[in-house]
Amino acid sequence: MKHFLAWKTPGKGPGLVIGVFAILLPLVVWRALLVLGTSNNNVRQWLPQHYKETRTYEWFQQHFPPDEFALVSWNGCTLDDKRLAEFADLLRGDSDRRADGGAASEAGGRLFANVRTGPEMLQTLTSTPFDLEREEAIDRLSGWVIGMDRETTCALVTLTPVGNADRTRVLKAIQRIAVERVGIPADELHLVGEPIFNAMVDMASEQAMGDLPLWSGVIAVLVALISLRSVTLTGAVFLVALYSGAIALLLVDVTGGRLNLVLVVMPVLVYLLSLSAAIHLVNYYRDAAADGTGWTPAAEAVRRGFTPCCLAAVTTAIGLASLVVSHILPVRDFGLYSASGILAGLVVLFLLLPSLLSVIGDRRAREAGEKEGRSGPGASERLLAWAGRGIIAGRTWLALACGGILAVGVAGVPLIETTVHPVRFFPEDSRLRADYAWVEEKFGPVSPIEIVVLFDETPSSLIFVDRLKLVQEIQNEVAGMEEIAATMSVATFVPTLEPEQDADTRSRASSAGILGALGRAVGASPERIERYVLNSKLKDHRQSFIKQGYLAEADQQQLYRISVRAAGQGAVDEAGFMDSVESRVNTFLDAKPNDWTAGVKVRYTGMVPLFFLAQRELLDGLFRSFLLAFVLIAVLMIVVLRSAGGGLLAMLPNLFPAAVLFGFMGHFALKVDIGSMLTASAAMGIAVDDTVHFLTWFRRGLDQAMSRHDAVLYGWRRCSGAMLQTTAIGGLGLAVYATSSFQPIAQFGLLIFLLLVLALVGDLVFLPALLASPAGRLF
């Protein structure tokens, strides 16, 4: 590389490189923009298939209709609102095709698999064969499709595979049919449920940035102009950083990937780290121009910066690649694509930036360097030198203070709490949260749990009516829990299994009538005869129960589904909630006679168990990835520094940003979500970036026979300016994202900014204090 840039005609080789990048630019930008138009935020697809919970959910999907539904209601949507029937009919007729794009939608196929409304389900329960009293039927449907006020109602909409593949189109279709065809005011329409949430996340992850990239870029450019004091150098640095970010998106495209709420920030991170590397290389370039060596300044910059820039990129890539140990697929993808993007950006850095520098500024850079050499250091350089001498003078107290803060942070790490509750992705005043609040006020919480009671035909001797009775009793046990808002099963759709008369009255009436005579003839009690008559009546409607989606039959098994709505936020945030549900059901079954429970198994699935799994994996993955990154980077630092003690000591400033930030989040009970986790391993890579450059200059100072204190000051003067520039440019640019309305992006931007500041403290205060202290002898 350096020989290529050292040709006597430097414009020829670099011009060829710039030409190749210019030719490839339209293709890279085109494919990157195509990737920005894709999004896949189905939370259920995030977890690996080998987990018990995901396998159970797949098994559930094979036997029952989808449990993913959109709940649609509006202000004034009551049992006698005729607009609800009109709305349901339009959805069943797939009228969304006309409402959502004409021929293109027609080609896409039907979106809606099933539409059920409160009035229709009430009519079913009060008609033959169920013949329930209206009030009893309303009791059974309350909290499900009828509100707690016994008047408000809704439509439950499930999707076809086509609809599940394009949930944004589903959301828009429902909104257009309700508003344009039925006449529901848009501000009175309320939509919740997993398809709606996923569609909102898809839209938010694509739109939440808004003008933020523009403002971020403007701020970063202004800070860069102030820091670099050169329009051409600023342009070159940002061109390299943006090109690297676009290539990171191109990698997603060529591997067939799709963006999600996690991966959408990946190109931003690659851009930031490429920007940092470019600024360091520009500072090497300026030093080379001032020194006036025999090489061209661009070639000398590559010679000086090649090793530290490569080490910084590799260590950062290691830190990000450590996320592959996470079992949450978007987190794993983020780690892989970020690491790959950084390494690809390294190629762009060493090809494109020196070529640009050779073409636009060798002569002017040398003249500027000679002028600077004659005039001596400026005010900023003198100020930095004074700060460096102050740190060396107070090295002991500063090292102890930073070490103490680090220790407090480490102590808070075990206190970290995680959350993956989806509603937290949106701000308090968002429309989605307002809709969830309205629905929970009217109907109760809507987070779904599915309980499947499985009867093996051979071991189980229970007849159909007894199985229904056992399912009903399990349903009642679960419904009695404080966290449960509503339940529904086959028992919801059958007549009362226990007559309202007391046992003595029922026995006398049966004995005196036809059942009594029949019982005496066959040697059976009237109660037993009545039980078999009811059993025969119910079995006649078995297909109706299967059609309702609460009964399934396969492989000599009968499966009874109990759908449960759990307290949304409270249930998902309580780690022992599912254990409580299982314990309650198991305790109930243990108390039943053996002939009732023989061949009976119970399985649990739905969004709440999957959320618990994702929440556990988020925390476990955080620790696994950070530990792996620490070990791998520590080994690399030991090899590079050729000292075990020195390598481990150098890791303390690298550990400082993440340990302090996340430790204090643990102390103050601030929950770590999926956006926060991404920054943990990235933090170490960001810190190592500057550590490598500082140690490079420190070792060069030692190689020039400087004392250890002088070598620390030499490294400080050579690196502090570039570190401050990269923190200011990247940190202030990314801090803009903290204002995003989409919380994963907002938290990512805020935490990255804080981590950059803490990394600066670690590398410009903690590291030089350690190097100047007696511990520095390890180096």
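The values are calculated or read from the model by the stated rules, or taken from the named source; none is laboratory data. Keep in mind that this is a model prediction, so the values were computed, not measured. Here Cβ is always computed from backbone atoms with ideal geometry, including for glycine, and neighbour counts include all displayed protein chains. The area values use the complete protein model at the heavy-atom level, side chains included, leaving out ligands, DNA and RNA. Shrake-Rupley method; radii C 1.70, N 1.55, O 1.52, S 1.80 Å.
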* To do: List every residue pair whose Cβ atoms sit under 7 Å apart, with the two residues 6 or more apart in sequence or on different chains, where the first one lies in region 293-314 and is closer than 14 Å to A344 by Cα and the second, anywhere, is acidic (D, E) and in a helix (DSSP H, G or I).
  => A312/D689
* For I451, all conditions in the list (1) farther than 30 Å from L559 by Cα; (2) open to solvent by less than 10 Å² (accessible area, probe 1.4 Å); (3) hydrophobic (A, V, I, L, M, F, W, C) hold save one; what is the number of the exception? -> (1)
* Is it the case that M651 is open to solvent by less than 10 Å² (accessible area, probe 1.4 Å) and farther than 15 Å from S276 by Cα? -> yes
* **Condition broken by A173, with the remaining ones in (1) modelled with pLDDT of 90 or more; (2) within 27 Å of A491 (Cβ to Cβ); (3) crowded, with 18+ Cβ neighbours inside 10 Å; (4) in contact with a helix residue (DSSP H, G or I) (Cβ under 6 Å, 6 or more places away or on another chain) satisfied** => (2)
* Structure fact -> Residues in region 153-163 that are open to solvent by 10 Å² or more (accessible area, probe 1.4 Å) and within 19 Å of V446 (Cβ to Cβ) total 1
* To do: Determine which member of the set D131, D166, D211 is at pLDDT below 90, open to solvent by 50 Å² or more (accessible area, probe 1.4 Å) and under 24 Å from Q548 (Cα atoms).
  => D131
* Residues being modelled with pLDDT of 85 or more and not in a helix (DSSP H, G or I): count how many of those fall in region 572-597. => 3
* Asked: Is there a residue being in contact with a Gly (Cβ under 6 Å, 6 or more places away or on another chain), aromatic (F, W, Y) and surrounded by 24 or more Cβ atoms within 10 Å (Cβ to Cβ) anywhere in region 269-280?
  -> yes
* To do: Select, from L263, L273, L259, the only residue that is over 16 Å from the mean Cα position of the chain (by Cα) and among the aliphatic types (A, V, I, L, M).
  => L273
* Considering each of T727, T739 in turn, give the residue that is of a type in the set (S, T, Y) and within 23 Å of T234 (Cα to Cα). => T727
* Structure fact -> When restricted to T153, T158, the only residue of a type in the set (S, T, Y) and at pLDDT 95 or above is T153
* Structure fact -> Selection from region 450-489 of residues closer than 23 Å to L156 by Cβ, at pLDDT below 85 and among the hydrophobic types (A, V, I, L, M, F, W, C) yields I484, A485, A486
* For K671, which of the numbered conditions (1) at pLDDT below 85; (2) of a type in the set (K, R); (3) touching a Gly at 6+ places or on another chain (Cβ under 6 Å) fails to hold? -> (3)
* To do: Could you tell me which of the residues S338, S375 is polar (S, T, N, Q) and either open to solvent by 10 Å² or more (accessible area, probe 1.4 Å) or modelled with pLDDT under 85 (or both)?
  => S375
* Residues in region 556-571 that are out of contact with any Lys or Arg (no Cβ under 8 Å at 6 or more places or on another chain) and at pLDDT 80 or above: how many? -> 8
* Structure fact -> Screening P213, P195 for residues that are touching a strand residue (DSSP E or B) at 6+ places or on another chain (Cβ under 6 Å), assigned to a helix (DSSP H, G or I) and not acidic (D, E) leaves only P195
* Asked: Looking at region 405-423, is at least one residue in a loop (DSSP other than H, G, I, E, B) and more than 27 Å from A658 (Cβ to Cβ)?
  -> no
* Positions within region 608-644 being among the hydroxyl-bearing types (S, T, Y) and part of a helix (DSSP H, G or I), in sequence order -> S625
* Structure fact -> Screening G412, G444 for residues that are open to solvent by less than 30 Å² (accessible area, probe 1.4 Å) and out of contact with any strand residue (DSSP E or B) (no Cβ under 6 Å at 6 or more places or on another chain) leaves only G412
* Structure fact -> Reported set for region 638-648 where residues are open to solvent by 10 Å² or more (accessible area, probe 1.4 Å) and of a type outside the set (V, I, T) is L641, R642, S643, A644, G645, L648
